[in-house]
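The values are calculated or read from the model by the stated rules, or taken from the named source; none is laboratory data. All values derive from a computational prediction rather than experimental measurement. Cβ coordinates were reconstructed from backbone atoms using ideal geometry, including for glycine residues, and neighbour counts include every protein chain displayed. For the accessible areas, the whole protein counts, side chains as well, though only heavy atoms, and no ligand, DNA or RNA atoms are used. Shrake-Rupley method; radii C 1.70, N 1.55, O 1.52, S 1.80 Å.
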Amino acid sequence: MINIALIPTIREQNKNQFEACVDLRLIQFIKETFSRKKTKIFFSIKKNINLVILSGGNDLTNIKKNKKNILRDRLNLKALNYAAQKNIPIVGYCGGAQYLAFKFNSKISYSNKHVGNHGLYTKKNNFFNNLLFPKATNSYHKYKIHRLGQNLQEICLAPDKSIEFFTHKKKKIYGIMWHPERKKGIINFDKKLLKKISCI
């Protein structure tokens, strides 16, 4: 059994009324990756979590400070602290990756060229050297990571040299800027990558 904390997007329905939202395609991707019968997904931090996933959505509070982004940052911070304390893997997709990058002093900037498909260039890394990364992937983000903090290392880059996949040099922290759940059919590579990250 694998217990996964999937940190949701926070939306404001009405003034000061917030809801947690998760893309059903992301849930499907996770369940297909780990086998439906052996996977429990929680939308907050619970005891005995094996893997933390920060979903996409929301902006960083240093870019746009409003209540929904502040709430999301609080959830992300709680998740990051839990993962560090328990020494379990944490992976952020898109907005989740931007959050992790920012927490480790990376530089993030606006970009209007990261919606759609683009090339993907992979740097050699011992931990991932048995995975054959695809030559292209998708993007659905308006901010790009253009420089990593000193404790992070880049694994994959977009053609404009922005970072698409990074890891922490010592901790089990990973950031992925593409959306595996939005591809036409879930591809085996993304499942293999998440399994490798989770160490399962």
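Residue count for region 81-139 satisfying the condition of being hydrophobic (A, V, I, L, M, F, W, C), modelled with pLDDT of 95 or more and in a helix (DSSP H, G or I): 6. Name the residue that is nearest to GLY95 (Cα to Cα), counting only residues in region 126-156 that are open to solvent by 60 Å² or more (accessible area, probe 1.4 Å) and touching a residue at least 60 places away in the same chain (Cβ under 8 Å). My answer is TYR140.
Restricting to region 49-70, name every residue that is in a helix (DSSP H, G or I) and open to solvent by 10 Å² or more (accessible area, probe 1.4 Å). Of everything in region 49-70, those that are in a helix (DSSP H, G or I) and open to solvent by 10 Å² or more (accessible area, probe 1.4 Å) turn out to be LYS67, LYS68, ILE70. In the set (1) crowded, with 20+ Cβ neighbours inside 10 Å; (2) under 22 Å from SER139 (Cβ atoms); (3) touching a Phe, Trp or Tyr at 6+ places or on another chain (Cβ under 8 Å), ASP73 fails one condition alone, (2). Of everything in region 176-200 that is of a type outside the set (A, V, I, L, M) and touching an Asp or Glu at 6+ places or on another chain (Cβ under 9 Å), the residue that is nearest to ALA101 (Cα to Cα) is TRP178.
Mind checking which residues of region 144-153 are over 14 Å from the mean Cα position of the chain (by Cα) and in a strand (DSSP E or B)? Those that are over 14 Å from the mean Cα position of the chain (by Cα) and in a strand (DSSP E or B): HIS146, ARG147, LEU152, GLN153. May I ask you to list pairs of residues, at least six apart or on different chains, whose Cβ atoms are under 6 Å apart, with the first in region 29-47 being under 15 Å from ILE7 (Cβ atoms) and the second being basic (Lys, Arg) and open to solvent by 100 Å² or more (accessible area, probe 1.4 Å)? Listed pairs, sorted by first residue: ILE45/LYS78.
Inspection of region 87-95 identifies at least one residue that is open to solvent by less than 20 Å² (accessible area, probe 1.4 Å) and either basic (Lys, Arg) or in contact with a Cys (Cβ under 7 Å, 6 or more places away or on another chain) (or both). So, in region 171-190, of the ones that are open to solvent by 40 Å² or more (accessible area, probe 1.4 Å) and modelled with pLDDT of 95 or more, which residue ends up nearest to ILE27 (Cα to Cα)? That would be LYS172.
Residues of region 1-48 that are closer than 15 Å to LEU75 by Cα and not in a strand (DSSP E or B): PRO8, VAL22, PHE43, SER44, ILE45, LYS46.
Scan region 158-175 and tell me whether some residue there is assigned to a loop (DSSP other than H, G, I, E, B) and of a type in the set (Ser, Thr, Tyr). Yes: one or more hits. Taking the numbered list (1) under 15 Å from the mean Cα position of the chain (by Cα); (2) in contact (Cβ under 8 Å) with a residue 60 or more places away in the chain; (3) under 22 Å from CYS21 (Cβ atoms) in turn, TYR99 passes all entries but (2).
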